[in-house]
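Chemist: Attaching a single structure in structure tokens format; questions to follow.
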Amino acid sequence: MLVRRASEALAGKELDAILAGCFEDAGLSGVLVELDRALDGGLERLRAGRELPAAVGETLLWYRPPGLACSLLVMVGLGKSSDWGPAPLYRAVAAAARQAARKPRRSVALDTSLVLNDTSVPTAIAAVLAGCQGQDLYRSEKKLFAFEELWLPVGSESDFRTGVILGESVNLARRLVDQPPNVIYPGSFAELAADLCREVGIECDVWDEERLEFERCGALLAVGQGSARPPRLLLMRYRGGPADQPPLALVGKGVTFDSGGLSVKPTEGMKTMKCDMAGAATVVAALHAAARLKLPVNLIGLAGLVENLISGSSYKLGDVLTSRSGKTIEILNTDAEGRLVLADLLDIAVEQGAAALVDVATLTGSCIIALGNHVAGLMGNHEGWCARVAQAARRAGEPVWPLPMYAEYAEQLRSSIADLKNVGEGRAAGAIVAAKFLEEFVRGRPWVHLDVAGPAFLESPKPWCDGATGAFVRTLVEVARQWTGRVEETAG
Ligand SMILES: [Zn+2]
């Protein structure tokens, strides 16, 4: 999609569609006044009759509006003006774009009053791109079509480029997650990712099962041992910063399909388990964006790719694994596999010299019980680093909420036969207990864990998105953008 700066007024411009937003609690202003004049007071009449959309992402479609040269006007609700920020902006713009994208359109304009200021231009553009992509990958009749040109009344060439790169990376992550598990498995994911890395100059090592064996990745290997498709590990390096800048590590869980293993999931819980590699997809997409944006920082990306399946060689309850760090783990639930994969990845990230770590994982259903579907759990071992990552998420408009990490939670992980067991006692605080497990493998380095089990995949469609969301790609890019090579005690 080509993004261009519109210098003339939108009302008289030949366009296929105009996307315009209105606040629930404010009158018409800015471009809306201009549109209303061309529509001979039509918008004002709708507003007076309370017919304009109000809630974020609600839309009203006006075909062939008299007085405008465009064939479709999409009005989208922006919610309350006091709640305005990057999160409603992204949702509203994506919802408006999604409506217009239901048929092929050449040129579409985005109304400026949707956009707060120049810093939100990249977010708005990313939202348009995301709004135009659905999960119709294997439908012969497509449901959504990307626009050829997008016209914006504000923003610079560099904002436009940033927005397009962010949107394309979000869509890349979404495509990887939406692909079915017979297409995306450890080997095919690794090949795709290696190609993507090559495109943009990221070094990418793919570890096969022999290398994983040699590297003592006993926890990761155990999870994958029930599948006919062997595990893979991606070790990616982007060197955009000074040679002496210690790298930031981005670490992603990549369980390409999770049956639960011998602790098998019921059908309902298994149907969308292709999305259990969303963390790995997020990391690959964020690194790809960082390289295209030429961010002046050093990054390491790690993705652990396995299928958690059932066969005669599956790992079992009662097994004791030796993780790469040397710590032994008693397995009491084979569906708590993500933390085993991450245990070895985190150990490698530390060994590779990471000065700070962020991992992204669809880790626990418990996190959804605690926070719902649209908020990610944020846990870590370092106040300043947690605050820094939370700040980046806020700027990207991707909601996170901190969960406590008191030492007491780790008591549940004591095993009588090994150093740790892979699940706690019962259902209490499952998301936190999982994070306490991960903490055992970061050797005290500043580390943040994002549990994205809720936000990664929409079980039912929303006005702005369906299926995979690409959530936290933009947050990771923002964290990378801010990386200085070290972590302050408290965020500035
Ligand atoms: Zn699982």
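Readers should treat all values here as calculations from the given coordinates under stated rules, not as data from a laboratory. Here the structure is a predicted model, which means the values were calculated and not measured. Note that each Cβ is placed from the backbone with ideal geometry, even for glycine, and that neighbours are counted across all protein chains shown.
Chemist: Each label point is 7 Å from the Cα along the Cα-to-Cβ direction; what then is the distance between the points at LYS142 and GLU408, in nm?
Modeler: The answer from the label model is 5.5 nm.
Chemist: Could you please rank LYS421, LYS271, LYS316, placing first whichever residue has the fewest other Cβ atoms within 10 Å of its Cβ? Don't skip to the end; give the middle numbers.
Modeler: Working: LYS421 22, LYS271 10, LYS316 13.
So the ranking, lowest neighbour count to highest, is LYS271, LYS316, LYS421.
Chemist: Among SER140, SER107, SER169, what is the fewest-to-most ranking by other Cβ atoms within 10 Å?
Modeler: Neighbour counts put them in this order, fewest first: SER140, SER107, SER169.
Chemist: Let me ask something else. Taking Cα pairs under 8 Å and at least six residues apart, what relative contact order does the chain come out at, in percent?
Modeler: On the way: 1221 pairs, mean separation 74.7, N = 492.
So the answer I get is 15 percent.
Chemist: Going from the alpha-carbon gyration tensor of the range 362-412, what semi-axes, largest first and in whole Å, does one get by taking the root of 5 times each eigenvalue?
Modeler: Values: eigenvalues 78, 54, 8 Å².
Semi-axes (√(5λ), whole Å): 20, 16, 6.
Chemist: Do any chymotrypsin sites (Phe, Trp or Tyr not before Pro) in the range 340-438 lie in a loop, going by DSSP, with at most 14 other beta-carbon atoms within 10 Å of their beta carbon, and if so which? Kindly include the intermediate steps, with their values, before the conclusion.
Modeler: Values: sites: TRP385, TYR406, TYR409, PHE437; in loops: TYR406.
For chymotrypsin sites (Phe, Trp or Tyr not before Pro) across the range 340-438 that sit outside H, G, I, E and B with at most 14 neighbouring Cβ atoms in 10 Å, the list reads TYR406.
Chemist: Counting only other residues whose beta carbon sits under 12 Å from that of LEU450, what net charge do I get with K and R as +1, D and E as -1? Display every interim value, and only then the final one.
Modeler: Numbers: positive: LYS253; negative: ASP359, GLU398, ASP451.
Residues near LEU450 contribute -2 overall.
Chemist: Continuing with the same structure: Can you give the convex hull volume per residue for the Cα atoms of the range 122-199, as a whole number of Å³?
Modeler: Details: hull volume 8.3 nm³, N = 78.
Measuring per residue, one finds 106 Å³ for the Cα hull of the range 122-199.
Chemist: At R0 = 56 Å, how high is the FRET efficiency between VAL33 and ALA428 if r is their beta carbon distance? Nearest 0.05 is fine. The partial results should precede the final answer.
Modeler: Working: r = 56 Å, r/R0 = 0.99.
Taking R0 as 56 Å, the efficiency between VAL33 and ALA428 is 0.50.
Chemist: Sticking with this structure for a sec: Quick check on the chain: helices-only [θ] at 222 nm, where DSSP H runs of length 4 and up contribute -39,500 (n - 2.57) each and the sum goes over total residues. Nearest 500, please. Please list the in-between numbers first.
Modeler: Working: 15 runs with 164 residues, N = 492.
About -10000 deg cm²/dmol.
Chemist: How long are the semi-axes of the equivalent ellipsoid of the range 394-448, defined as square roots of 5 times the Cα gyration tensor eigenvalues? Whole Å, largest first.
Modeler: On the way: eigenvalues 121, 40, 14 Å².
Gyration-tensor ellipsoid for the range 394-448: 25, 14, 8 Å.
Chemist: A further question follows. Suppose each label sits 7 Å from its Cα in the direction of the beta carbon; what would the ARG161-GLU191 distance come out to in nanometres?
Modeler: 3.3
Chemist: Find, among the trypsin sites (Lys or Arg not before Pro) in the range 6-73, those assigned to loop by DSSP (not H, G, I, E, B) with at most 14 other beta-carbon atoms within 10 angstrom. Walk me through the intermediate numbers first.
Modeler: Numbers: sites: LYS13, ARG37, ARG45, ARG47, ARG50; in loops: LYS13, ARG50.
The qualifying sites are ARG50.
Chemist: Another one. Aspartates and glutamates near LYS271 by alpha-carbon distance under 16 Å, same-chain residues fewer than 8 away left out - which ones?
Modeler: Qualifying aspartates and glutamates at Cα under 16 Å: ASP178, ASP258, GLU307, ASP335, GLU459, ASP466.
Chemist: Could I ask something else about it? Just want the ordering: TYR238, TYR63, from fewest to most Cβ atoms lying within 10 Å of their own Cβ. Walk me through the numbers before you get to the answer.
Modeler: Numbers: TYR238 27, TYR63 9.
The order, fewest Cβ neighbours first, is TYR63, TYR238.
Chemist: Find which of LEU212, ALA290, MET75 sits farthest along the positive direction of the dipole of the chain, computed with +1 on the beta-carbon of Lys and Arg, -1 on that of Asp and Glu, about the Cα centre.
Modeler: MET75
Chemist: If each residue of separation counts as 0.36 nm, what is the full-extension length gain between ARG239 and LYS13 once their alpha-carbon separation is subtracted?
Modeler: Full extension from ARG239 to LYS13 adds 76.9 nm.
Chemist: Given all pairs of different Cα atoms, what value in angstroms does the Kirkwood hydrodynamic radius of the chain take? Working shown, then result.
Modeler: Numbers: mean 1/r = 0.0431 Å⁻¹.
With all distinct Cα pairs of the chain included, I get 23.2 Å.
Chemist: Measure up LYS316/LYS436; LYS253/LYS421; LYS13/LYS462; LYS103/LYS462; LYS143/LYS294 against 28 Å on the Cα-Cα distance and list the ones that go over. Present the calculation step by step, with values, prior to reporting the outcome.
Modeler: Numbers: LYS316/LYS436 23 Å; LYS253/LYS421 19 Å; LYS13/LYS462 31 Å; LYS103/LYS462 19 Å; LYS143/LYS294 34 Å.
As for pairs spanning more than 28 Å Cα to Cα, those are LYS13/LYS462; LYS143/LYS294.
Chemist: Using a 4.7 Å cut-off between beta carbons, which cysteines in the chain end up with no partner cysteine at all?
Modeler: When partners are defined as cysteine Cβ atoms under 4.7 Å apart, the chain leaves CYS22, CYS70, CYS132, CYS217, CYS275, CYS367, CYS386, CYS465 without one.
Chemist: Starting at the first residue of the range 253-261, write each ³J(HN,Hα) from the Karplus equation 6.51 cos²θ - 1.76 cosθ + 1.60 with θ = phi - 60°, in whole Hz, x for Gly and Pro.
Modeler: Per residue, the Karplus-derived 3J(HN,Hα) values read 6, x, 7, 5, 7, 10, 7, x, x Hz.
Chemist: Hey, another quick one. For the range 259-360, just the Cα atoms, rotate onto the principal axes and tell me the three extents in Å, largest first.
Modeler: 47, 34, 18
Chemist: Excluding VAL306 itself, what net charge comes from residues whose Cβ is under 10 Å from its Cβ, given Lys and Arg +1 and Asp and Glu -1? Walk me through the intermediate numbers first.
Modeler: Values: positive: ARG229, ARG232, LYS253; negative: ASP258, ASP276, GLU307, GLU337.
With Lys, Arg at +1 and Asp, Glu at -1, the net is -1.
Chemist: Once the other residues with Cβ under 13 Å from the Cβ of ASP36 are scored (Lys, Arg +1; Asp, Glu -1), what is the net sum?
Modeler: On the way: positive: ARG37, ARG45, ARG47; negative: GLU34, ASP40, GLU44, ASP111.
Here the charged neighbours net out to -1.
Chemist: In the chain, what percentage of the DSSP-assigned beta bridges are antiparallel, given to the nearest 5?
Modeler: Values: 28 of 68 bridges.
Around 40 percent of the beta bridges assigned by DSSP in the chain are antiparallel ones.
Chemist: Something else now. Report, to one decimal in Å, the Kirkwood hydrodynamic radius for the range 2-153 based on all distinct Cα pairs.
Modeler: Details: mean 1/r = 0.0655 Å⁻¹.
Every distinct Cα pair counted, the radius reaches 15.3 Å.
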